[in-house]
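Below is one structure, written out as structure tokens; comments come after it.
We did not get these values from a lab; they are worked out from the coordinates using the rules stated. Model, not experiment: these values are computed from the prediction. Neighbour counts run over all protein chains shown; Cβ positions are idealised from the backbone, glycine included.
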Amino acid sequence: MSGPRRRRVTVLGLGAMGRALASALLAAGHPTTVWNRTPGRSAALAEAGAEVAGSVAEAVAAGELLVVCLLDDDVTRRVLDRAAPVLAGRTVVNLTNGTPERARRLAEWLTERGARHVGGGIMAVPSMIGQPGSLVLYSGARDAFLDWRDTLAAFGEARWLGTDPGRAAVHDLALLAAMYGMFGGFLHATAMIRAAGVPAGEFAPMVTGWLTAMLGALPAMAAAVDSDTHDADGSSLRMQAASFGNLLAACRDLGVDAGLVRPVRDLLDEAVARGHGEEGLSVLVGLLHTGGTHRPAPG
Ligand code: FVH
């Protein structure tokens, strides 16, 4: 007895991530067509059952769902342009990293061509796709997301963020900012510790434990931001600005460039100068806003 017919999915882009996405679709039993600019990246996928399209238009025509995973917004737009006449009736789930504004523009462009847009943000590396812990954020056309949610589940948890086409992108980029802050801090700390003659491997468990302990402070800091009440909770900005001076002095002595951490000291100093010395770190969030297209959080 055969099960329900599975609709064909097309994956555009077979970089490290596109290949992982196509593999996950095939592993979940979805008929899959793939396309990539440079031929030769599809051999293993073809062996696993993928159809390999010879052109973008052929690939787009083959799939009811298009999963796009290319380098950036410009490439995505250029590639989709080449298939504009055959986009009508399709759902485009764009998992390419990009900006919220470009996601909104792409959604408009696709709607004008009779296609539905769902923007995405992949919070996983290729080896995590389809595994526990893999999270993909989505926003845009709700009906399209609901229509394809079970298929998208092949990649990992599919989390819906709302109908603003740019909402997944802004979450993706904000989470990347948090990640790079952590990695930047780790890289700087490791440069210091190596300059002091300690192997990185010996230091790693200590920094992991310290960052894990500090992670516990984030929910309270977020609540402080939302309520705009920035209690120092025993760690005033005045005190932190003073110890940051020691950190920079030690970097000079150790011969370590402080470029990754100096902006934090500058922000602390600015906050103290503006009279926030007895408040906590959460007050710095307000100092970071410069205007632009910032949308204040509701409530
Ligand atoms: N890999 C990761 O860890 C992250 C995890 C989170 C999500 N990102 C984003 O996913 C997008 C794709 O990333 P990727 O890892 O697959 O990247 P690459 O391996 O560099 O593959 C890039 C693909 O884009 C194609 N491409 C590049 N330029 C063009 C062009 N001018 N015309 C057509 N296609 C183009 C490239 O094709 P080729 O070089 O093989 O011909 C690859 O298919 C990305 O937004 C990440 O930020 C990944």
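What to note about this one:
- Normalised size of region 1-98, defined as Cα radius of gyration per 2.2 N^0.38 Å with N residues, equals 1.01.
- ³J(HN,Hα) computed for each position of region 274-287 - Karplus, 6.51 cos²θ - 1.76 cosθ + 1.60, integer Hz, glycine/proline x: 8, x, 9, x, 9, 9, x, 4, 4, 5, 5, 4, x, 6
- Per-residue Karplus couplings for region 258-271, computed as 6.51 cos²θ - 1.76 cosθ + 1.60 with θ equal to phi - 60°, are listed in order as 9, x, 6, 10, 4, x, 5, 4, 4, 5, 4, 4, 5, 5 Hz, Gly and Pro entered as x.
- Contour excess over end-to-end distance, with Cα ends at Leu288 and Ala200 and 0.36 nm allotted per residue: 28.5 nm
- Local electrostatic count, Gln240, Cβ distance below 11 Å [Lys/Arg +1, Asp/Glu -1]: 0
- For region 9-163, the mean projected area of the C-alpha convex hull, equal to one quarter of the hull surface, is 7.7 nm².
- Cα pair distances in region 145-299, grouped into 5 Å bins until the bin that holds the longest one, percent each: 1, 7, 12, 16, 18, 15, 12, 9, 6, 3, 1, 0
- DSSP-defined antiparallel bridges as percent of all bridges, the chain, nearest 5: 25
- With all pairs of different C-alpha atoms in the average, the Kirkwood value for the hydrodynamic radius of region 216-299 is 14.1 Å.
- Region 79-209: translational diffusion in µm²/s, Stokes-Einstein, Kirkwood Rh over Cα pairs, 20 °C, 1.002 mPa s: 128
- Options Ala273, Ser42, Gly255, ranked by Cα towards positive dipole end of the chain, top entry (Cβ charges): Ser42
- Per-residue [θ]222 nm for the chain (sum of -39500 (n - 2.57) over DSSP H runs n ≥ 4, rounded to 500): -15000 deg cm²/dmol
- Normalised by 2.2 N^0.38 Å, where N is the number of residues, the alpha-carbon radius of gyration of the chain equals 1.22.
- Rg ratio (alpha-carbon, reference 2.2 N^0.38 Å) - region 57-145: 1.06
- Taking GluC sites (Glu not before Pro) across region 41-93, none is in a DSSP loop with at most 13 further Cβ atoms lying within 10 angstrom of its Cβ.
- Rounded FRET efficiency, nearest 0.05, which uses the C-beta distance separating Met239 from Arg149 and R0 of 35 Å: 0.10
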